[in-house]
Structures are given as C-alpha cells and as structure tokens.
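Colleague: Following this message is one structure expressed as structure tokens.
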Amino acid sequence: VQLQASGGGLVQAGGSLTLSCAASGIIFSKEVLGWYRQAPGKQRDMVATISNSGQTYYTDSVKGRFTISKDNAKNTVYLQMNALKPEDTAVYYCNRDPPAPTYWGQGTQVTVSS
C-alpha cells in the first residue's frame, strides 16, 4: 500500500494550497480516507475525512476553509485549503480512517507565513 501526499509549500497567510494524495494497493472506492497533520512538537491530528459515499467531516479549526474531495477513477484524494493561517503550518499526511499504522507516507510540508 502506498499513500503519497504532495502539493505542500510555502504560502502567505490568507493564501491557498491544494494537496493531493495518490493511493495504490487499496480498494480506494471502499475506504474512508482522511487528511491528518502534525505540527512541530505536537501530536498528529485528523483534519478531514471523506467516506466511500462522499460524506465529509472536518475538525472545527478548518471548517469553512478546507474542502476534502476524492476522485475514485484516479485513486486520489484532495484537500483544498483556503484562507490559510500560520497555525495551519504542519506536515500533512493522508491515510484511511481510522489510520493504519503501516499506511503513513512521508507527508507534505505546508508552511504558512504571517
């Protein structure tokens, strides 16, 4: 199984980024998938999830700013991030929900400058 996150970068506060996660080795359309993030010195937390039927969930701090979506044909899940804040700075990962320990990839760094 591989879940490879990409699309991170450096952006100013108020800016936008779109993250992508390409999945292989899983039955993508049947999985609940999620984006997670880990800031320096903090635990890894769930940011958003999307079910196999397309139902979404967001942690309170990103509601109204982030949008999770997926393309089953491309085995890819996305995270559109708008109105970014410095506190969104973290390494972002994708995984299933609940996360499988062996599915963690390297993640993608998002840095938001003030």
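Colleague: Please enumerate the residues belonging to segment 56-97 that are within 14 Å of Ile26 (Cβ to Cβ) and either out of contact with any helix residue (DSSP H, G or I) (no Cβ under 7 Å at 6 or more places or on another chain) or aliphatic (A, V, I, L, M) (or both).
Modeller: Lys70, Lys74, Thr76, Val77, Cys94, Asp97
Colleague: Next question, about the same structure. Which ones in segment 52-65 are touching a residue at least 24 places away in the same chain (Cβ under 8 Å) and not small (Gly, Ala, Ser)?
Modeller: Passing the criteria: only Val62.
Colleague: Condition test on Ile26, is it open to solvent by less than 20 Å² (accessible area, probe 1.4 Å) and in contact (Cβ under 8 Å) with a residue 24 or more places away in the chain?
Modeller: Judged against the criteria, Ile26 is not a match.
Colleague: Taking segment 78-113, which residues are aromatic (Phe, Trp, Tyr) and not in a strand (DSSP E or B)?
Modeller: Tyr103, Trp104
Colleague: Follow-up question, since we're still on this one. If I go through segment 66-100 residue by residue, how many of them are open to solvent by 50 Å² or more (accessible area, probe 1.4 Å), in contact (Cβ under 8 Å) with a residue 40 or more places away in the chain, under 17 Å from Gln55 (Cα atoms) and not polar (S, T, N, Q)?
Modeller: Qualifying residue count, segment 66-100: 3.
Colleague: Take residues that are at pLDDT 95 or above and tell me which of the strands (runs of 3 or more DSSP E) falling wholly in segment 1-72 contain 3 or more.
Modeller: The qualifying strands (runs of 3 or more DSSP E) are 9-12, 17-24, 33-38, 44-50, 56-58, 66-71.
Colleague: Please go through (1) more than 11 Å from the chain's Cα centre (by Cα); (2) buried (at least 17 other Cβ atoms within 10 Å of the Cβ) for Tyr36 and return the number of the only condition it doesn't satisfy.
Modeller: Checking Tyr36 against (1) more than 11 Å from the chain's Cα centre (by Cα); (2) buried (at least 17 other Cβ atoms within 10 Å of the Cβ), the one that fails is (1).
Colleague: Can you pull out every residue in segment 55-114 that is touching a Gly at 6+ places or on another chain (Cβ under 8 Å) and hydroxyl-bearing (Ser, Thr, Tyr)?
Modeller: Tyr92, Tyr93, Thr108, Thr111
Colleague: For segment 51-65, enumerate the residues that are open to solvent by 40 Å² or more (accessible area, probe 1.4 Å), of a type outside the set (D, E, K, R) and within 16 Å of Leu17 (Cα to Cα).
Modeller: The answer is Gly64, and nothing else.
The values are calculated or read from the model by the stated rules, or taken from the named source; none is laboratory data. Small disclaimer: the values here were computed from a predicted structure and weren't measured. Cβ: placed from backbone, ideal geometry, glycine included. Neighbour counts: every protein chain shown. Surface accessibility is based on the protein's heavy atoms, side chains included, excluding ligands, DNA and RNA. Shrake-Rupley method; radii C 1.70, N 1.55, O 1.52, S 1.80 Å.
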